[in-house]
Amino acid sequence: MSRIHNFSAGPAALPEAVLRQAQEELLDWHGAGCGVMEMSHRGKEFTSVIEQAEADLRALLGIPEQYRVLFLQGGATQQFAQIPMNLLAGRSADYIVTGSWSEKAFKEAQRVAPGLAQGSCVRLAASTRESNYTRLPQAEEIKLDPFAAYLHVCTNETIHGVEIPAERIADTGVPLVADMSSHILSRPVNVEKFGLIYAGAQKNIGPSGLTLVIVHRDLLGMAPLTVPTLLDYAVQAENGSMLNTPPTFGIYMAGLVFKWLQAQGGLAGIEQVNSEKASALYNCIDSSQGFYVNPVDPDCRSRMNVPFVLANPELDASFLTEAKQAGLVGLKGHKSVGGMRASIYNAVPLESVRVLVDFMNDFARRNG
Ligand SMILES: *Cc1c(COP(=O)(O)O)cnc(C)c1O
């Protein structure tokens with residue numbers, strides 16, 4: 001068996017050590033005589049799995065006590081609706097749009113707001129659409145409502161490769177809600193700057209089907225009674241994410257990933273490797289004399305998703321074919337931006353990035 005160098009945007013690579021452990025425990029988890037997929041979510045075995053996963057996540061991210069951790073379903077996309085359902089409560093919310101995902105979040109909030117408590121609405125506080133989502137808005141371009149119920153941002157735009165550096169997350173006086181789907185756990189983050197953090201699991205946490213929500217307890221309990229029970233954060237928090245059957249296998253896998261991250265030196269440790277991977281790839285692109293181009297402002301280039309185009313798009317097909325022959329897979333860019341994209345999440349080893357860079361240098365030499 002030979003494993004590919006996996007640059008898929010999501011579902012994406014998982015750490016090989018985690019997959020091997022899951023394989024070993026698949027038929028018999030810790031002497032239970034069955035695997036995690038086959039046991040009751042209410043039994044003591046699974047209770048220990050979910051409690052350990054939450055404890056390890058809290059330790060990794062330094063999540064303060066006043067935040068609840070929810071293990072939900074429906075993906076980040078469901079959160080686009082669930083956030084306004086829970087937090088708008090007859091008020092207005094601000095959205096900063098910096099790429100496809102925050103644009104989707106904004107549009108979905110616009111869709112659900114009129115059906116919520118009277119007065120619920122959403123506002124566009126800033127958008128970089130006119131710049132093709134290749135930069136962050138300047139402070140003076142952002143028009144904030146000081147009375148907003150919350151301000152929504154996407155801290156890493158997976159398709160456009162735009163990441164908000166930690167130091168640019170400012171306190172605006174209203175709860176900050178962040179879609180961190182594609183870079184959560186890739187670097188330390190000060191959770192206290194946020195009212196709510198959410199992420200679909202399939203980029204940096206585990207298999208698809210699990211959605212993580214970290215929410216300050218002050219934001220619980222505002223959902224109107226018309227919001228379905230399952231979508232009410234307060235009810236989910238009261239029930240330990242077990243109002244109904246949670247995605248048990250996903251939670252188990254996430255727990256293994258959290259342990260793996262601890263063994264990598266926690267988030268500071270993995271951040272170092274992630275920086276090294278991203279530098280190697282951006283250096284390759286920037287030193288290619290225009291053969292490869294990444295259009296994003298250097299001050300907000302993503303360390304997780306690196307989109308790039310070939311100056312000559314006629315070479316795209318042969319780039320992808322030859323890459324695949326070299327074991328480099330998942331490099332085709334999102335259809336909305338074209339070109340290529342290398343997603344270099346936590347589980348993608350430095351070695352895979354080195355192989356990619358060598359391939360890109362060689363391809364440029366042969367075709368330049
Ligand atoms: C992948 C992704 C989503 C969508 O996630 P689903 O789990 O498929 O709903 C939303 N936001 C960002 C930033 C993403 O990367």
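Readers should treat all values here as calculations from the given coordinates under stated rules, not as data from a laboratory. What you see is a predicted model, and the numbers here were worked out from it, not measured in a lab. For neighbour counting, all protein chains shown are included, and Cβ atoms are generated from backbone atoms with ideal geometry for every residue, glycine included.
For the stretch 17-263, the relative contact order is 27 percent, taking Cα pairs closer than 8 Å that sit 6 or more residues apart in sequence and dividing their mean separation by the residue count. Compactness of the stretch 168-243, taken as the C-alpha radius of gyration over 2.2 N^0.38 Å, stands at 1.19.
May I ask for the Rg/Rh ratio of the stretch 73-130, computed from Cα atoms with Rh as the Kirkwood radius, given to two decimals?
Values: Rg = 11.1 Å, Rh = 11.4 Å.
Result: Rg/Rh = 0.97.
In order along the stretch 334-343, the phi-based Karplus estimate (6.51 cos²θ - 1.76 cosθ + 1.60, θ = phi - 60°) of 3J(HN,Hα) comes to 5, 4, 6, 10, x, x, 10, 8, 9, 8 Hz; Gly and Pro are listed as x. The orientation-averaged projected area of the convex hull spanned by the Cα atoms of the stretch 256-346 comes to 7.1 nm². Taking label points 7 Å from Cα along the Cα-to-Cβ direction, D297 and V235 give a separation of 4.2 nm.
Quote the Stokes-Einstein diffusion coefficient, in whole µm² s⁻¹, for the chain, based on the Kirkwood radius over alpha carbon pairs, a temperature of 20 °C and a viscosity of 1.002 mPa s.
Numbers: Rh = 21.4 Å.
In µm²/s, the coefficient is 100.
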